[in-house]
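To start, the structure under review is shown below, and the notes come after it.
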Amino acid sequence: MKQPITLQVNQNTYDIEAEPRRTLADALREDCGLTGTHLGCEHGVCGACTVIVDGDPMRACLMFAVQAEGRAIRTVEGLAAGATLHPLQQAFIDHHALQCGFCTAGFLMLATSLIERADPPDDQELLDALSSNLCRCTGYKNIVNAVRAASVALRQR
Amino acid sequence: MKPVAFEYHSPHSLDEALATLARVAPLEGRVIAGGQSLVPAMAFRLVRPGHLVDINGIAGLDHLRVEADELVIGACVRHAIFHRPVVAGVLGRALTDIAAHVAHYPIRMRGTFCGSLAQADPASEWCLLAMTLGARMIVRSVRGERSIPAHAFFQGVMSTDIQPDELLTEVRIPLPHAQARIGFDEFSRRRGDFALAMALVQFDLLDGRMKAVRVGVGAVEATARRIEAAEQTLEGGMPTMDRFQAAARAAAQAVDPSDQPQVPAVYRRELVESCVRRALERALSATLPKLP
């Protein structure tokens with residue numbers, strides 16, 4: 001049975017009605033209209049649906065929307081400030097880190113959570129974390145380059 | 001696929017959770033903590049719980065502390081906490097080594113240590129740890145509390161002694177002696193994927209000889225287990241590469257791996273040999289982390 005659920009996404013409040021079995025990923029796309037979060041495998045393997053929940057990257061397909069009530073959710077729609085891209089988005093363009101773009105939102109949110117950490121990861125940690133998501137255009141090298149560059153850019157701001 | 005419909009319960013105290021669980025246990029009720037294994041299984045409709053009891057909102061289940069001679073890990077402690085050593089010495093290092101092999105980074109942010117044990121996947125690193133180091137699992141229900149030793153806890157592939165109305169509230173791992181060494185090694189074809197074989201070893205190094213040797217192997221049989229033949233090969237001996245190799249070979253002969261087209265039994269035996277040898281070598285390399 002549908003029940004009222006309140007989600008905080010990119011500092012906006014969304015009052016939705018959904019069944020408990022509604023995943024956070026489906027709620028974002030279908031109920032909040034935020035289709036920037038993509039769904040690939042729907043069972044936690046590909047990472048396309050990665051969003052940030054209370055500062056940590058999480059698979060939005062492996063969490064029910066009802067579990068995300070009261071938590072601060074960030075999706076790809078919240079990265080840019082108006083017309084100004086987030087340094088990581090700019091770095092993805094500069095380093096040609098996206099080809100078809102399907103995996104990009106997940107990579108952006110995963111990497112954003114890493115490079116915004118108070119203790120940014122060292123290179124080994126970065127590679128370990130980036131191995132969490134799949135890109136089937138095989139663009140990993142450029143993705144790693146973009147994240148490294150954005151990490152530096154973010155700390156110089 | 002989408003999960004079947006279920007009723008969601010979000011108790012705020014352990015007593016409330018146990019009362020709810022007692023009520024919904026006969027109605028296919030399940031506990032959800034991290035949900036990183038349960039939710040995919042629900043998405044594929046391999047499991048169809050009628051009720052989910054979410055324990056994430058219960059204060060005081062994320063405890064992680066040393067009590068007397070045990071490390072106590074509460075039900076809501078996430079894998080990611082072990083990215084940094086949580087205790088001094090070899091156990092802290094071993095937990096950090098092992099955590100790096102548990103699924104992927106975002107999964108480790110949400111998935112829980114105790115959830116892995118309750119799930120009892122044959123390829124679970126934490127199940128191997130519990131079996132090899134002789135952990136105790138504490139389960140609670142409205143009927144009371146039980147302490148279950150690892151060898152009685154794991155009963156088969158994804159099968160444990162936890163009853164439907166019981167909640168695994170914490171795991172207690174015996175702290176190793178000051179002279180102890182611990183080493184871990186795992187092989188999987190892709191980073192973060194399920195292991196094809198893994199080994200965890202522990203021994204006390206006394207006057208240059210190995211005592212109280214424990215050799216555990218996981219991801220090869222229905223449950224992780226200690227390999228007595230390998231332990232006997234090492235017990236009382238000096239830690240030499242030849243002895244490590246002999247123990248690794250003994251472990252490879254002692255296991256009974258399944259024979260699958262993608263992973264033939266003979267291949268898995270070779271992996272066991274490599275993992276046990278490397279785990280022993282890792283145990284001997286002495287650099288220990290400093291606690292922050």
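The values are calculated or read from the model by the stated rules, or taken from the named source; none is laboratory data. Small disclaimer: the values here were computed from a predicted structure and weren't measured. For neighbour counting, all protein chains shown are included, and Cβ atoms are generated from backbone atoms with ideal geometry for every residue, glycine included. Only protein heavy atoms, including side chains, enter the accessible area calculation; ligands, DNA and RNA are left aside. Shrake-Rupley method; radii C 1.70, N 1.55, O 1.52, S 1.80 Å.
Rounded to the nearest 20 Debye, what is the dipole magnitude of the protein assembly as shown about its Cα centre when Lys and Arg each give +1 and Asp and Glu each give -1 at the C-beta?
640
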Step through the residues of region B:88-105 one at a time and calculate ³J(HN,Hα) from phi using the Karplus curve (6.51 cos²θ - 1.76 cosθ + 1.60, θ = phi - 60°), rounding each to whole Hz and writing x for Gly and Pro.
5, x, 5, 5, x, 5, 4, 4, 5, 4, 6, 4, 4, 9, 7, 6, 10, 3
Residues other than B:Glu125 with Cβ under 10 Å of its Cβ, Lys/Arg counted +1 and Asp/Glu -1, net out at -3
Across region A:129-141, in residue order, what do the Karplus-derived ³J(HN,Hα) couplings come to in whole Hz, using 6.51 cos²θ - 1.76 cosθ + 1.60 with θ = phi - 60° and x for Gly and Pro?
5, 5, 5, 6, 10, 9, 10, 8, 8, 6, x, 4, 4
Given a Förster distance of 35 Å, report the FRET efficiency between A:Val152 and A:Thr35 from their Cβ-Cβ distance, rounded to the nearest 0.05.
0.65
Principal axes of the protein assembly as shown: Cα extent on each, largest first, Å:
68, 55, 46
Starting from the Kirkwood radius over alpha-carbon pairs of chain A, derive D by Stokes-Einstein at 10 °C in a medium of 1.306 mPa s and give it in µm² s⁻¹.
101
Over all alpha-carbon pairs in region B:64-174, figure out the percentage whose distance exceeds 20 Å.
35
Positive minus negative residues near B:Val102 (Lys, Arg vs Asp, Glu; Cβ under 15 Å)
-1
Could you order the peptides B:143-149, A:96-102 from most to least packed, using the average number of other C-beta atoms within 10 Å per residue?
A:96-102, B:143-149
Under the Kirkwood approximation applied to all pairs of distinct alpha-carbon atoms, what is the hydrodynamic radius of chain B in Å?
19.6
The farthest towards the positive end of the charge dipole of chain B, of the residues B:Ala219, B:Ile81, B:Pro176, given +1 on Cβ of Lys and Arg and -1 on Cβ of Asp and Glu, is B:Ile81
In Å², rounded to a whole number, the accessible area per residue of the protein assembly as shown with probe 1.4 Å is 43
Pull up the DSSP beta bridges for the protein assembly as shown and report the antiparallel fraction as a percent, rounded to 5.
85
List every residue whose amide H lies under 5 Å from the amide H of B:Arg181, counting only residues 5 or more places away in sequence or on a different chain, with H placed 1.01 Å from N in the peptide plane.
B:Phe203, B:Asp204, B:Leu205
Portion, in percent, of the accessible area of the protein assembly as shown that falls on carbon or sulfur, probe 1.4 Å:
51
For region A:1-72 and region B:35-75, what is the centre-to-centre distance using only Cα atoms, to the nearest Å?
20
If R0 = 56 Å, then A:Glu69 and B:Thr240, at their Cβ-Cβ distance, give a FRET efficiency to the nearest 0.05 of 0.45
Suppose every K and R has +1 on its Cβ and every D and E has -1 on its Cβ; what is the size of the dipole of chain B about the Cα centre, in Debye to the nearest 20?
600
